Amino acid sequence: MVNAQLPITTPPKYNFPLPSMHAENLQLPKQFVELSLRSLKKLENTQQMSKRNSENSSLINENSKIDFPRLIRLKPNQTSTPVMAIDVSSIKIGETETGLLLAIRGAIIWKHANRYQYLRIGPFPFHIYEENKNLISSILRNHSQLAQFQDFTIPNSFYIQSRLTAIFERWIQTSINQITNNSLILFDGSLASGSFEHSLESITQMLRTARSNQNIILAFSKMTRLVFRGQRLTDLILKHPPPCLLKMANYFTNTRLTHFFGSVYVAKLSGANYAFRLDIDNAIPEIKAIEAVKKLLGNDLILQSYPETLRLAHIYSTFTAAEVLGIQRWISQEADLRIITKPNLRRLLFGRFGKGPEG
């Protein structure tokens, strides 16, 4: 495979007090850590590693007959409420003669009493190769409970990376819900169980735990292709002064493979012309869901309509170029690998016109 330019920029610096939360409280499954360590043992007989980086994203495209959206005006509620945000990222860090190297890391940010704190979990490096695909796919099948994931299916590297990332993220989200109470917990993404994301059972249990601990989950989607009468949902609210919500009543229809657990809103929370899809547990009364958004406005910094805790969670989980180089160097030293840079075939073939996914 051909190298791609690192899609990473230097994040801004933040000074936080030391976190009071400890990694052991998250009860990270031992199986996940063991899988990471076991996968790296294959590197002992590998002589070289070539650098590789890529960026991927997934969008959800749904459409159905829905009621006309309803505008909801918001007023910040400054009642002291802890705000927590979770995000996970993964990156391909190189190739070996037998497989692919990737790393996964999660970040938790919480704000209470005007203090931001953070906890990073990882990075966990993985070596994905032909001989351990069956083991990894078995773990994915057990946690995702995918009826359509057959034994003879050979998952590709993108599938394995995205599924490991999703499972790791769900573990952190579930653990946070178990050890906190009376808090707002922010997720990156939607509240839906899809055929390739999270099982219906795992989301059901997580939301049930959140409700029993008086937590409310607010899931923000940065990108969406959802439309209403041919217009993107996030465009419907731009003409209205913030802060406000649009309630998309009866937007989704559950299918055999996908179940939607969240009531869908469009959120415009600050002055800039930015809006996001917002999913809130549909088992929570609407008045309580709206009050949760008001408490978010009163307890967290909102810029470009996006909560600062969730922005920081993304920044602290994302791998910088220096960190990727550090992981590559560590792996090369531990496994006695020689790092090489593969030639860019597009540039070799097409010169300055050789641009594209690999250029």
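The values are calculated or read from the model by the stated rules, or taken from the named source; none is laboratory data. Bear in mind that the values here come from a model prediction, so they are computed numbers and not experimental data. Backbone-built Cβ (ideal geometry, glycine too); neighbour counts: all protein chains shown.
Below, the figures for the structure above:
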| read-out | value |
| --- | --- |
| Any chance R311 is part of a strand (DSSP E or B), of a type in the set (K, R) and crowded, with 17+ Cβ neighbours inside 10 Å | no |
| Among residues of segment 269-297, those that are touching a Gly at 6+ places or on another chain (Cβ under 7 Å) and more than 22 Å from Q78 (Cβ to Cβ), counted | 3 |
| Evaluation of Q161 against (1) closer than 30 Å to N77 by Cβ; (2) in a helix (DSSP H, G or I) (one fails), failing number | (1) |
| K111 in a strand (DSSP E or B) and either touching a strand residue (DSSP E or B) at 6+ places or on another chain (Cβ under 6 Å) or in contact (Cβ under 8 Å) with a residue 24 or more places away in the chain (or both) | yes |
| Single residue of segment 95-127 satisfying the filter (at pLDDT below 85 and touching a helix residue (DSSP H, G or I) at 6+ places or on another chain (Cβ under 6 Å)) that is surrounded by the most Cβ atoms within 10 Å (Cβ to Cβ) | H127 |
| Residues satisfying the stated conditions in segment 208-231, i.e. farther than 20 Å from G271 by Cβ, modelled with pLDDT under 85 and within 24 Å of the chain's Cα centre (by Cα) | M223, T224, R225, L226, V227 |
| Residue in segment 148-163 that is modelled with pLDDT of 80 or more, surrounded by fewer than 20 Cβ atoms within 10 Å (Cβ to Cβ) and touching a helix residue (DSSP H, G or I) at 6+ places or on another chain (Cβ under 8 Å) present | no |
| Single residue of segment 29-49 satisfying the filter (at pLDDT below 70 and surrounded by 15 or more Cβ atoms within 10 Å (Cβ to Cβ)) that is farthest from the chain's Cα centre (by Cα) | T46 |
| Residue in segment 320-328 that is surrounded by fewer than 21 Cβ atoms within 10 Å (Cβ to Cβ), farther than 22 Å from G106 by Cα and either out of contact with any Cys (no Cβ under 7 Å at 6 or more places or on another chain) or free of Cβ contacts under 8 Å to residues at least 60 places away in the same chain (or both) present | no |
| Qualifying residue in segment 264-271 (condition: under 14 Å from I217 (Cα atoms) and at pLDDT below 95) | yes |
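Okay, residues lined up against (1) modelled with pLDDT of 95 or more; (2) not in a loop (DSSP other than H, G, I, E, B):
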{"site": "R277", "(1), (2)": "no, yes"}
{"site": "E291", "(1), (2)": "yes, yes"}
{"site": "K294", "(1), (2)": "yes, yes"}
{"site": "G326", "(1), (2)": "no, yes"}
{"site": "R329", "(1), (2)": "no, yes"}
{"site": "S332", "(1), (2)": "no, yes"}
{"site": "K355", "(1), (2)": "no, no"}
